[in-house]
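**Q** Sharing a structure below in structure tokens format, with a few things to ask.
The values are calculated or read from the model by the stated rules, or taken from the named source; none is laboratory data. No experiment lies behind these values; they were computed from the predicted model shown. Glycine also receives a Cβ, built like all others from the backbone with ideal geometry; neighbour counts cover every protein chain displayed. The accessibility values were calculated without ligands, DNA or RNA, using every heavy atom of the protein model including side chains. Shrake-Rupley method; radii C 1.70, N 1.55, O 1.52, S 1.80 Å.
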Amino acid sequence: QVQLVESGGGLAQTGGSLRLSCTASGSIFEISIMRWYRQPPGKQREWVAIINSFGTGDIADSVKGRATISRDAAKNTWYLQMNILQPEDTAVYFCNADMRRLPRGTLDTYWGQGTQVTVSS
């Protein structure tokens, strides 16, 4: 069994910051790609950030300059730091990862349950 759990969401003010965390647990052989997505109310889910096992990452243009993705391989955890938050950042944020389960399973994609971020104006 493999599980992704997000944390760090909540209520923030415009101009504020939040750091979201996603921790993978269970019978994990490797985590190759880690991502963040978000789904604003009434809109489709959109990609926000990506980082690979080498630490190379990329950020969506919509949040570039305000968001940073990082990871702690030893903790099977990756982070999304969001700064200068805007009301349009209000969304449910989901983490996602391509992982292999022990002993050396296929590469599958797993999702967290999501964490709500609400930015007040």
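**Q** Over 17 Å apart: what share of the alpha carbon pairs of region 1-76 falls there, rounded to a whole percent?
**A** 53 percent
**Q** Now, a different point. Starting from the 7 Å offset along Cα-to-Cβ, what nm value, one decimal, do you get for the label separation of T118 and L102?
**A** Each label point lies 7 Å from its Cα, and together they span 4.0 nm.
**Q** Still on this model: How much accessible area per residue does region 48-121 have, counting only protein heavy atoms and a probe of 1.4 Å, in square angstrom?
**A** Details: 3800 Å² over 74 residues.
I get 51 Å² per residue for this part.
**Q** Oh, and also: Put K64, K43 in order of accessible area, largest first, 1.4 Å probe: what do you get?
**A** In descending accessible area the options line up as K43, K64.
**Q** To continue, here is another question. Carbon and sulfur together cover what percent of the accessible area of the chain at a 1.4 Å probe radius?
**A** Numbers: 3100 of 6390 Å².
Its accessible area is 48 percent carbon and sulfur atoms.
**Q** Quick check: net charge around A91, other residues with Cβ under 10 Å of its Cβ, Lys/Arg +1 and Asp/Glu -1? Walk me through the numbers before you get to the answer.
**A** Values: positive: R38, K43, R45; negative: E46, E88, D89.
Here the charged neighbours net out to 0.
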